[in-house]
Amino acid sequence: MISLSSLSRTPIYQQIIDQVLAQIASGVLAPHTQMPAVRSLAKDLGINPNTVVKAYNELELAGYLYTKAGVGSFVSESASNDEFIKKMRLDECRKELHLLRNLGITKKALQNLLDEIYKESKE
């Protein structure tokens, strides 16, 4: 089940991607599970089908989904591999860190944030 937040600053397609990845990582979506049809999911979520298409395309480009022409989209075999998910997320994190560095965020500020996050997880 995917739920969207209109209050979030995260784009709708990214919210879909994040929730699909969370479901894959938790085992809710097993390999070769068929994803909801684009029109059906768009209708259920009350969004434009193009938004779902964009999310599915991003997931497919990243290797989490594969498409069978005329049948639909499915969770890929490698997507359930925990190391695969970690690698993809670390790659995304690396891109964000480069952006933050280019915006002038210091290494010390990032280290403090990282320390804070890991401290919270121990509580």
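The values are calculated or read from the model by the stated rules, or taken from the named source; none is laboratory data. Predicted, not measured: the structure shown is a model, and the values here were computed from it. Note: ideal-geometry Cβ built from the backbone for every residue, glycine included; neighbour counts use all protein chains shown. All accessible areas refer to the heavy atoms of the entire protein, side chains included, with ligands and DNA or RNA removed. Shrake-Rupley method; radii C 1.70, N 1.55, O 1.52, S 1.80 Å.
The charge dipole of the chain, taken about its Cα centre with unit charges on the Cβ atoms of Lys, Arg (+1), Asp and Glu (-1) only, comes to about 320 debye. Rolling a 1.4 Å probe over the heavy atoms of the protein chains gives the chain an accessible area of 71 Å² per residue.
Ordering Val20, Val38 by accessible surface, largest first, gives Val38, Val20; the 1.4 Å probe counts only protein heavy atoms, with every chain in place. Looking at the chain, the pairs of alpha carbons with a distance over 17 Å make up 64% of the total. Accessible area ranking (1.4 Å probe, heavy atoms, ligands and nucleic acids excluded), largest first, for Tyr66, Tyr118: Tyr118, Tyr66.
Dividing the summed helix terms, -39500 (n - 2.57) for each DSSP H run of n ≥ 4, by the number of residues in the chain produces a 222 nm estimate of -19500 deg cm²/dmol to the nearest 500. Once the C-beta distance of Glu116 and Cys93 is scaled by a Förster radius of 25 Å, the resulting FRET efficiency is 0.95 to the nearest 0.05.
Taken along the Cα-to-beta-carbon direction at a fixed 7 Å, the label points for Glu83 and Asn57 span 3.2 nm.
Among residues other than Ile17 with Cβ under 13 Å from its Cβ, the summed charge is -2 (Lys and Arg +1, Asp and Glu -1).
Carbon-plus-sulfur accessible fraction, segment 47-123 (probe radius 1.4 Å, protein heavy atoms only): 57%. The listed residues Lys87, Lys54 rank as Lys87, Lys54 when sorted by accessible area, largest first, using a 1.4 Å probe. Springs between alpha-carbon pairs under 10 angstrom, Gaussian network model over the chain: which of Ile24, Ile16, Ile105 fluctuates most? Of Ile24, Ile16, Ile105, the Gaussian network model singles out Ile105 as fluctuating most.
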